[in-house]
Amino acid sequence: MLDTWVQDARFAIRLLRKTPLFTLTAVLSLAVGVGANSTIFSIASAMLLRPMPGLSAPDRLLDIGRSRRAGEFDTVSYPNYKDIRDRATTIQDVYAYQIEPHPMSLGGNGEAERVYGAVVSANYFALLGARPAHGRLLQTDDDKVVGGSAVAVISHELWMRRFAGDAAVVGQQIKVNGFPFGVVGIAPKGFQGTTVLKADLWVPMSMVAQAMPARSTTLLTSRRSTWLFMGGRLADGATVQQANAELKSIADGLAREYPDINDRFGLVALPVASVPGMVNMVAGFIGLLMGIVGLLLLIACVNLAGMLLARGAARSREIAVRLAIGAGPGRLVRQLLTETAVLFIAGGVAGLLLSQLLTRLLLSVVPQLPVPLAIDITIDWRVVVFTAGASLIAALLCGLAPALQAAKTSLVPSLKSDALDGRPSRLRLRNIFVVGQVTLSLVLVIAAGLFLRALQHAGNAATGFEARQVDVISLDLSLAGYGDDSGEIFLRQLLDRIRQLPGVQAASATVDLPLDGGRMGLGGFNIAGVPLPEGRDSLDADWNVIEPGFFKTLGMPLLRGRDFADSDTAGSPGVAIVNDAFVRQYLAGREPVGTTLDTTDGPDGKPDTRVIVGVAPDAQFMSIGAPAEPYIYLPRAQRSMERLSLVVKTSGVSAIPSTRQLIRELNPNLPITEALSLEAVTAFGLIPQRIAAAVAGTLGIVGLALAAIGIYGVTSYAVSRRTREIGIRVALGADQRDVLRLMLRQGAVLAGTGVVIGLALAGAGSQVIKSLLFGVKDLDPLTFGGTALLFTLIALVATYIPARKALRIDPMVALRND
């Protein structure tokens, strides 16, 4: 049996070598389809399937988050974390960690550099089952006394890069934010915890004041400071369902004990994932991409099936001879399927190689992120198995129908001539393949058009601010040891120097940047005479902390009142600026300027009072297209934040190089954590649309080309089989234009049928991607109508070329044909 398969494979290779153009076209079509699928599956494997390295028994690990409503997964405060840890029994233990590694300054041997450090509970490594590469990892004793255990674990990558893999670094001191920490161990190679966010070092929770001096005031004491994600390991015999039931009971108890803080408090446990609480969203988006690339592979399969069918028709005499000398239909089908399998093996291997290039191209459309990601998008056994499986299924889809059709060849007619090739059943099958190809290609091109139109709309949407020619330079003043007063003096001096640079029109600073996905929680507030929502003890709004000149820099002229001034200092009366949505929701019919806000969480954790001095226009800070929500701006001098971003409006030439130089002159020990344009920052909110548009747009062009080739191929073949008929028609006096119309009608009918079916399928499919179609209707008439017209024109052109060529044949030559 094995010898027979080997013999079939050798024969298939010889046949494919004799037709290099057919083989090359088929392999390239398959490589594109298989490669695109392998690329998206590689991302799915890295994000959803492959456990992060260095974890022990990851199937027993949980992500635990705060959940006030279905689908929510949020951070908790440190006091709430401790209560949850102490009360849980179905969970072996609960650890806590800061989800986003914090920029830190690393000193010690050599020049200081910016790194990303994570603050974690001391049981973090033990619960994850990590084993040190050298030294030890964090232990319970490291968290007993606040500020009493200045130890750090560094990543294997940082150890190799900064310390050249010298094991002697264990036991030495490094300076983190200027504070000495003792290196107690090296994390295992590749270890990054449970998430895709990359950390260079880890310090215990007790050292948060030294690791995050700008935010450490109330992080370990206030239940309002929600900044930690949690995780845990299931106890022996416990299930996720039991853990969730117990967490609900714990959450209800905390809500009763602290009703003013833990209002609507809930907890949820999920299987550990590299994107905590976002698995369904990420899986849904990757599933959408898999659907797009799967459609392309199906188009390639249909195209290749049509080619194989035509090739089988051309080999009808050879197949008849093989049947005549004793080959059974089953043996013949196996041989033809083997030929298809050889094609798909070559296409699969080429697809795997192509996926490496496609992965780099896809990642190039993702904007720079504030924190580096630890995603290893490489070809592993999962990708290889998926690619092999996809290729095998595609080979069966492509090769089975042509093989079965070829096995039905009639002996006597085929041995006499090839006339049987034009029989109605064979032509109908080829026509079905063409209609299917047009249908699938049209769906793919419409999806691409919708995504591209949505991305264009999002890029042109009114955001309420001007992002063009605005540079962003992010700093953390605490990394250079600045406090509240010294940091304010340095920042004012730096901004004054920046405003004097050539080409700079305005400059300011902000804590939250527009559309960067961040949200600042500075507590609630109350307004005299404004009723509270039922069950709430305060009103809600999003907050930001800015320097004077912020609104001018971003082209947001105030609607009324005044901007913050240098006189709004820590010692002066508290002031605030609110947006127009705030006025509409809370101050309708009242004069906002002069209204007093009583906040529930002031700079020192105590309530304070602020007077509204201005009203700013609404701007999109969270997501493009979302309704404007109440927003409050505070002056940085009255609410000090060490992490901030300079925003610099220029006349066209980037101010980043000159600003870097100024910072080096003023303080060479202050690292810049980020430097890019505001347009690049705002692009963060459009990552799903950008990826979808890039994938669908690129593959839509390929699908369009495959559809054109398919229509041309079947029409060209049909015309070649009707050469004698055309000669007879012309010899009898038929007008060439009538014959041409007859040929065009055939292509138009095939394309029209595919277009109608494709429009119906695309209309149904567009309902799935509605959430990504910013500013575009799911049944966008321009996209649907334009695509249908485009396919009709392509079909007519693809039909016209072979038909016109046939009409140029001399009638006498055509009559002698066959």
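The values are calculated or read from the model by the stated rules, or taken from the named source; none is laboratory data. Everything numeric in this text was worked out from a predicted model, so none of it was measured. Cβ: placed from backbone, ideal geometry, glycine included. Neighbour counts: every protein chain shown. Please note that ligands, DNA and RNA were not included when accessible areas were found on the heavy atoms of the full protein model with its side chains. Shrake-Rupley method; radii C 1.70, N 1.55, O 1.52, S 1.80 Å.
Suppose R0 equals 45 Å. What FRET efficiency, 1/(1 + (r/R0)^6) with r the Cβ-Cβ distance, do residue 499 and residue 526 give to the nearest 0.05? Spell out each step's value before the answer.
Working: r = 38 Å, r/R0 = 0.84.
Efficiency at R0 = 45 Å is approximately 0.75.
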| With θ set to phi - 60° and the Karplus curve 6.51 cos²θ - 1.76 cosθ + 1.60, what are the ³J(HN,Hα) couplings of segment 790-803 in order, to the nearest whole Hz, using x for Gly and Pro? | 4, 5, 4, 5, 4, 5, 5, 5, 5, 7, 5, 4, x, 5
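Could you give the size of the charge dipole of segment 36-95 about its Cα centre, using +1 on the Cβ of each K and R and -1 on the Cβ of each D and E, expressed in debye and rounded to the nearest 20? Don't skip to the answer; put the middle values down first.
On the way: 8 positive and 7 negative charges, 16 e Å.
Charge dipole, segment 36-95, about its Cα centre: 80 debye, nearest 20.
How large is the accessible surface per residue of segment 121-226, computed with a 1.4 Å probe and reported in Å² as a whole number? The partial results should precede the final answer.
Numbers: 4120 Å² over 106 residues.
That works out to 39 Å² for each residue.
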| remark: Protection proxy (average C-beta count within 10 Å per residue), highest first, orders 554-562, 198-206 as 198-206, 554-562
| query | Tell me, what is the FRET efficiency for residue 168 and residue 380 to the nearest 0.05, using R0 = 45 angstrom and their Cβ-Cβ distance as r? | reply | 0.85
| request: Rank-order 441-453, 666-678, 90-102, 634-646 by packing density, defined as the average count of other C-beta atoms within 10 Å over each peptide's residues, highest first. | output: 441-453, 634-646, 90-102, 666-678
| query | What share of Cα pairs, in percent, lie more than 27 angstrom apart in segment 1-123? | reply | 57
